[in-house]
Each structure stands twice: as structure tokens, then as C-alpha cells.
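The values are calculated or read from the model by the stated rules, or taken from the named source; none is laboratory data. In this text, all values refer to a predicted model and were calculated from it rather than measured experimentally. Glycine gets a Cβ as well: all are built from the backbone with ideal geometry, and neighbour counts include every protein chain shown.
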Amino acid sequence: MKSFFDTIPIFHYHRAMIAHYGSESSYALGWRDVESQQMRFKVLAGVGDLNNHSVLDVGCGYGDLLPYLLERYPNLSHYHGIEQIPELYDEALKRHGHLPIAEFTSGNFITRDLPVVDYVLASGSLNYGSDDDPDFIFNIISKLFANSKVAVAFNLLRQMPVKGLLVAYEPETILTYCKTLSNRVVFIDDYAEEDFTVYVYR
């Protein structure tokens, strides 16, 4: 799995974005605009009827997926967000920590134990690779799937420069692996040129 030292560039990147654009900007989370973030939320939220179900949002950033889900699924039973970058975690608590169904944890979802929930969602948080583990993406998909009782939904980049903090993945490679976990895998790629989403169901 990803080592501790692999997370240092991620911390530097998001802190630099916060310093430059401010904590209110979607750029602080790596999104080019709010619209692209919301578009990805919409696709992830299509994984199922989340009413009366629990959700784990890994790498939750400011926790902005929560109000989006509540607007679409007002009877969402529980939301658990986990975020490793303190500035993002603190802002998530500030924005959404007062909501009765909300719970936030500070930590790295890759290395720590995670709660078992109905749905695990990952928006943008799996786009960081690992230099010392070529199977990183498969290991983390397997971990998230193991913590879901109904399904895991995640998005990945498929177009990126060869060098850089973010990593692009070949959709067919990801799909082939996901089909070793489940007989029911859904692939969506009609919403963004550089992005794709996968649902893996129990």
C-alpha cells in the first residue's frame, strides 16, 4: 500500500492550493471548478438509492458530498467522511459537523481501519499513485469494496501527463480487476473526457 512518505507531496499540493486560492475555492481540493466537482458527485450518487443507507466518503475534503447527497437522498441514514489533511478536515467539521447524521475522522483511509457501511464513495481521492507499489490501485479498491455492504463507487482519471502528482489509469485494466471482485460492475464514461466512474456491487 502507499507509504507515509508518498503522502507528503499530496499535503504540499493541497496546502499550496489553499494558500493561493483560499479555503473556499474548489481549487484547494484539486477541482478546476465547482461544476466539475458537482458533475462527479452526480455520477457517484447514481450508484443506488442511498435513502436509509450509510455512506463512507474516503478522502472527503471539505465534506461537500454530504449536502449534495442530502439534497438527493434526504433520508440518508449516516455519513462518515475521512480526510487526512488537517486543513481540509477542519473545514469539513466547520461546514458540516453540526449535522446529526455526519461523522468525520481525521486520518489516511489507505492505512487505517475503516468502518463497514452500505456504500463507499471515492471522488478524486484515488487519483494519487504509489511509486513503491504497482498494485496500489487494486489493493485500495479491494479494501474499499471489503468495507461496503452494498457497493463501492469511485472515479479515476484516464488522461494525465506521464509525470506528475496525479495518475491516469486505463479503464479496461480497472474493469478487468473489478470483475474479479464482483459479477456486477458498472462502467460510466459519458460525463467527462478525462474521467470515468466504476460501480462495484455485492
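Observations
- Scanning the range 66-98 for residues that are outside any helix (DSSP H, G or I) and in contact (Cβ under 8 Å) with a residue 60 or more places away in the chain yields Q84, I85.
- Contact map, the range 134-152: residues that are under 13 Å from V185 (Cα atoms) paired with residues that are modelled with pLDDT of 95 or more and β-branched (V, I, T), Cβ distance under 6 Å, separation 6+ or inter-chain. Pairs shown: F145/V152; F145/V200; A151/V47; V152/V120; V152/V200.
- For the condition under 23 Å from G63 (Cα atoms), buried (at least 17 other Cβ atoms within 10 Å of the Cβ) and touching a Leu at 6+ places or on another chain (Cβ under 9 Å), L121 qualifies.
Every residue, every condition in (1) surrounded by 15 or more Cβ atoms within 10 Å (Cβ to Cβ); (2) closer than 25 Å to F196 by Cβ; (3) touching a Ser or Thr at 6+ places or on another chain (Cβ under 7 Å), yes or no:
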site: Y62; (1), (2), (3): yes, yes, no
site: N75; (1), (2), (3): no, no, no
site: I82; (1), (2), (3): yes, yes, yes
site: I141; (1), (2), (3): yes, yes, no
site: S148; (1), (2), (3): yes, yes, no
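- Residue match in the range 128-142 (condition: part of a strand (DSSP E or B) and within 16 Å of the chain's Cα centre (by Cα)): yes
- Search result, residues across the range 152-175 that are surrounded by 12 or more Cβ atoms within 10 Å (Cβ to Cβ) and either among the charged types (D, E, K, R) or at pLDDT 90 or above (or both): V152, A153, F154, N155, L156, L157, R158, Y169, P171, I174, L175
- Of all residues assigned to the range 101-119, at least one qualifies as being within 17 Å of R40 (Cα to Cα) and in a strand (DSSP E or B).
- Considering the range 11-58, the residues that are at pLDDT below 95, part of a loop (DSSP other than H, G, I, E, B) and not hydrophobic (A, V, I, L, M, F, W, C) include one that is nearest to L156 (Cα to Cα), namely G30.
- Of the numbered criteria (1) out of contact with any strand residue (DSSP E or B) (no Cβ under 6 Å at 6 or more places or on another chain); (2) of a type in the set (D, E, K, R); (3) surrounded by fewer than 17 Cβ atoms within 10 Å (Cβ to Cβ), the one E103 fails is (1).
- Close Cβ contacts (under 7 Å, 6 or more residues apart or on different chains) running from residues in the range 171-199 that are over 19 Å from Q159 (Cα atoms) to residues that are at pLDDT 95 or above and small (G, A, S) comprise L181/S142; Y199/A151; Y199/A153.
- Selected residue (criterion: surrounded by the fewest Cβ atoms within 10 Å (Cβ to Cβ)) from residues of the range 191-202 that are out of contact with any Leu (no Cβ under 9 Å at 6 or more places or on another chain) and either among the aliphatic types (A, V, I, L, M) or at pLDDT below 95 (or both): E193
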